[in-house]
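The values are calculated or read from the model by the stated rules, or taken from the named source; none is laboratory data. Treat the numbers as computed from the prediction; the structure is a model and nothing was measured. Because the Cβ atoms are built from the backbone with ideal geometry, glycine has one as well, and the counts that use them run over all protein chains shown. What goes into the accessible areas is simple: the full protein's heavy atoms, side chains included, and nothing from ligands, DNA or RNA. Shrake-Rupley method; radii C 1.70, N 1.55, O 1.52, S 1.80 Å.
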Amino acid sequence: MQPILPEVYSMTQRSCVLFLSVLLCSLPHFVHGQAGADWRTPAEASDYRTTPDYAETMAYIDRVAASAPGQVKIENFGKTGLGRDLKIVIVSKDGVFDPAAIHASGRAILLVQNSIHAGEMDGKDACLALLRDLIQNKDRAKLLDHVVFVFIPVYNLDGHERRSMYTRINQNGPEVAGWRGNASNLNLNRDYMKADAPETRAFLKMFHRWLPDFFVDDHVTDGMDYQYDVTFAADAGPDVAPATAKWIRETVTPGLDAAVNAAGHMSFPALINLNDDTDPAQGLSFSNNPPRFSTGQMILENRPGLLVELHMLKDYKTRVTGNYEILRALLEVLNRDTAKVIALNREADAGAARLGAHPFSNDRFPLATDWSGEATPVVFHGYQFTRALSEVSGAMWVSYRHEPWNVTLPLGTGAKVSASIPVPAGYIIPPQWTHAIDVLAAHDVNFAHTTTAWTGKVERYKCSGMQWQGHPFEGRHPIFPGESAGAQPGRYGQCTLTTETLTFPAGSVVVALDQRLSKVAIQWLEPDAPDSALRWGFFDSIFEQKEYGEAYVLEKLARQDLAKDPALKAEFEHRIQTDPRFAASPEARLEFFYDRSPWYQENHVGEYPVGRLLSLEGLPVQ
Ligand SMILES: [Zn+2]
């Protein structure tokens with residue numbers, strides 16, 4: 001029989017036993033530093049009952065910073081919807097705080113983002129402890145040898161200050177926590193590509209100023225119950241630069257997994273989602289990472305991205321210390337592999353800047369990835385569960401009990417490219433599509449404007465069969481059926497390419513694919529990409545038919561067409577015989593003739609206005 005761990009017996013307590021260091025673990029950190037001073041973080045001081053509000057968070061950071069003059073700088077990087085100042089904390093051993101100087105020194109920059117979902121604040125409290133251990137008591141000072149540690153204490157600041165006991169029903173503490181959405185109720189972790197929120201726009205500017213070498217986004221899970229307290233996923237799919245993906249698979253992921261487990265926590269190196277919510281025995285599903293997510297955005301930025309998810313049902317102390325351990329372990333990896341990660345990022349940037357160099361080659365660009373169907377058996381430490389028919393829901397429900405369920409389960413591991421395109425030389429966007437262009441500008445994508453009208457041959461899409469989402473999703477009604485199915489190409493309608501000679505007015509935007517952010521432009525401008533401008537609704541008006549024929553005019557047109565075109569007549573009669581709804585609709589029967597006339601063509605319905613450039617030669621750009 002497996003031993004049963006009492007619920008109160010936390011991971012951290014177990015780690016102390018495991019390492020026979022009960023004394024060390026139980027001694028609070030204020031034994032270090034000046035006599036009598038209490039350097040416990042606010043969460044530690046409350047014995048992890050509470051998490052500090054923003055003022056208390058920043059007061060603690062200021063106090064620790066003052067204890068180590070010249071090692072911490074706090075910078076504003078923009079404002080929230082409610083006008084609060086967004087801040088990053090830069091921790092640098094020698095007081096060099098200029099990103100260019102840090103890059104020149106050969107040190108790596110780690111950026112850790114906390115509280116994008118502000119009810120999930122574990123990373124914030126972990127970073128406060130890490131900050132103290134880096135520079136105040138210096139227990140971890142060596143982790144700054146080759147790395148500059150930059151963290152956002154609270155990203156979704158307006159959500160963080162909307163504090164309540166009722167924000168996270170699934171989560172085991174702290175007592176009061178912030179809200180998932182920002183002040184406009186947007187989920188910032190769906191906003192990276194479309195950049196609707198002021199926080200996203202501020203993030204992108206800050207990110208490009210710092211250009212970190214590694215990015216972490218700290219979260220807390222939802223979903224099933226299991227023994228692990230730390231779960232994480234670092235991108236290594238077919239849309240990541242191959243050398244970076246190899247380093248992630250062979251060094252980063254196993255390194256973090258081993259280090260977190262060695263510290264007495266239980267780590268699982270993938271996101272844990274069930275294939276069937278009503279039956280854990282059916283295994284764990286594949287996780288996708290389109291650009292709406294922070295870590296999906298990192299793929300477009302050519303930077304490694306790590307998603308950390310602490311398990312919601314563990315006590316707050318276990319979660320915060322688990323979050324601390326994975327950040328510590330990552331700092332160790334980055335200190336060991338500093339030159340490697342810098343070189344990988346340089347090569348990934350160069351690869352993105354070469355994308356337009358050989359337009360229409362056989363190297364297709366991956367727009368979307370999906371599960372290939374390949375599953376890997378993994379040893380999984382879950383909890384025993386019972387399935388029963390619920391008289392409440394009328395469906396099967398799962399109840400867990402905290403007895404180990406150690407099994408081998410299939411984990412959806414295989415990723416395939418599910419949509420791809422030959423890369424053009426660049427894109428040309430007519431100037432009136434200001435909102436779509438503005439998003440490219442928010443992402444700092446370089447582009448030029450044409451000085452005169454330009455006529456030339458381009459590829460362009462014609463789109464039809466679009467299905468708009470009826471219920472709002474992130475403040476829009478996008479062209480995909482829902483969040484879970486959002487990355488599936490083909491579900492939203494169809495766009496097919498044609499080659500045409502078109503005229504683009506003066507002031508059109510020309511995006512060349514010779515820049516480190518080429519992937520951002522491609523993902524935004526290709527309709528088949530899961531978070532494209534077209535799918536998010538930035539081009540909805542192209543699907544509107546603006547002129548219609550009046551019945552008495554179309555009656556005349558129909559008679560003329562029927563008389564002169566036997567094939568059209570046959571098609572019309574066949575439709576009446578085989579389509580009862582069509583046959584019963586006087587409007588549809590008349591529109592049949594309008595839709596096949598030059599008058600309908602003049603509406604240009606579904607003609608996507610962005611051109612795929614065959615070449616950049618001869619374009620009148622400044
Ligand atoms: Zn989250």
With a 1.4 Å probe and every protein chain left in place, tell me how much accessible area W468 has, in Å² to the nearest 10.
110
Nearest 10, in degrees from 0 to 90: the angle of helix 566-578 to the longest Cα principal axis of the chain is 50
Would the range 308-364 count as rounded, prolate or oblate if I go by the C-alpha gyration tensor, calling it rounded below 1.5 in a/c and otherwise prolate when a/b exceeds b/c, oblate otherwise?
oblate
Could you work out, for the range 83-218, what percent of all Cα-Cα pairs fall into each 5 Å distance bin, beginning at 0 Å and stopping at the bin that holds the largest distance?
2, 10, 19, 20, 18, 14, 10, 5, 1, 0
Of all DSSP beta bridges located in the chain, what percent are antiparallel, nearest 5?
75
With only Lys, Arg, Asp and Glu charged, each at its Cβ (+1 for the first two, -1 for the last two), find how big the charge dipole of the chain is about the Cα centre; round to the nearest 20 debye.
860
Where a label projected 7 Å from the Cα of Y552 along Cα→Cβ would reach, residues of the range 584-603 with amide N under 18 Å:
587, 590-591
Built amide H within the under 5 Å cut-off of L306, gap 5+:
F215, V216, D217
Cα-based convex hull volume of the chain per residue, rounded to whole Å³:
191
As a check on your grasp of the helix formula, calculate [θ] at 222 nm for the chain: sum -39500 (n - 2.57) over DSSP H runs of n ≥ 4, divide by the residue count, round to the nearest 500.
-8500 deg cm²/dmol
What dipole magnitude, in Debye to the nearest 20, does the range 425-542 give about its Cα centre under +1 on Lys/Arg Cβ and -1 on Asp/Glu Cβ?
180
The range 162-220, convex hull of Cα, quarter of hull surface, nm² -> 5.1
The aspartates and glutamates whose Cα lies under 16 Å from the Cα of K194, excluding any fewer than 8 residues away in the same chain, are E301, D438, D444, E474, E483, E526, D528, D531, D540
Nitroxide proxy distance, nm - points 7 Å out along Cα→Cβ at K569 and N170
6.4
On a 0 to 90° scale, report how tilted helix 253-262 is relative to the longest principal axis of the chain, with both axes built from alpha carbons and the result rounded to the nearest 10.
30
Kirkwood radius from Cα pairs of the range 548-621 plugged into Stokes-Einstein at 10 °C, 1.306 mPa s, gives D in µm²/s equal to 108
Percent accessible area from carbon and sulfur atoms, the chain, protein chains only, probe 1.4 Å
54
Subtracting the Cα-Cα distance of E403 and S541 from 0.36 nm times their residue separation yields 44.1 nm
Find the eigenvalues of the gyration tensor of the Cα atoms of the range 50-158, then list the square roots of 5 times those eigenvalues as equivalent ellipsoid semi-axes, largest first, in whole angstrom.
23, 16, 12
On a 0 to 90 degree scale, rounded to 10, what angle separates helix 122-131 from the longest Cα axis of the chain?
50
Answer with one residue from L330, T452, V605: the one whose Cα lies farthest towards the positive end of the charge dipole of the chain, charges on Cβ with Lys, Arg +1 and Asp, Glu -1.
L330
Calculated FRET value between E56 and K205, using beta carbons and R₀ = 22 Å, to 0.05
0.20
Counting sequence-distant residues (5 or more places) and residues on other chains, those with an amide H built under 5 Å from that of S418 are A368, T369, D370
Stokes-Einstein D (µm²/s) once Rh is taken as the Kirkwood radius of the range 161-260 over alpha-carbon pairs, at 4 °C in 1.567 mPa s:
78
Once Lys and Arg get +1 and Asp and Glu get -1 on their Cβ, which of G78, S390, M224 lies farthest toward the positive end of the dipole of the chain?
G78
Give me the percent of Cα-Cα pairs in the range 32-95 that sit more than 13 Å apart, rounded to a whole number.
71
Taking a straight Cα-to-Cα line shorter than 19 Å from K546, and setting aside same-chain lysines fewer than 8 residues away, one finds K462
A correct Kirkwood calculation over the Cα atoms of the range 311-401 returns a hydrodynamic radius in Å of 19.5
Under the Karplus curve 6.51 cos²θ - 1.76 cosθ + 1.60, θ = phi - 60°, whole-Hz ³J(HN,Hα) for the range 193-203, x wherever Gly or Pro sits
6, 7, 6, 6, 8, x, 5, 4, 5, 5, 4
About the Cα centre, charge dipole magnitude for the range 284-327 (Lys/Arg +1, Asp/Glu -1 at Cβ), debye:
60
Just list whichever of K73/K124; K73/K142; K317/K340; K79/K142; K87/K246; K246/K519 have alpha carbons separated by over 22 Å in the model shown.
K317/K340; K79/K142; K87/K246
Could I get the Rg over Rh figure for the range 124-194? Both from C-alpha atoms, Rh via Kirkwood, rounded to two places.
1.09
Can you give the Kirkwood hydrodynamic radius for the range 265-417, in Å, rounded to one decimal and based on Cα pairs?
19.0
M266 long-range amide H proximity, modeled H, under 5 Å
D229, V230
Cα-based shape type of the range 252-297, given that a ≥ b ≥ c are square roots of the gyration tensor eigenvalues and the cut on a/c is 1.5
oblate
Distance between Cα centroids, the range 150-224 to the range 569-598: provide it in whole Å.
52
Hydrodynamic radius by Kirkwood for the range 350-442, inverse mean 1/r across distinct Cα pairs, in Å, is 18.8
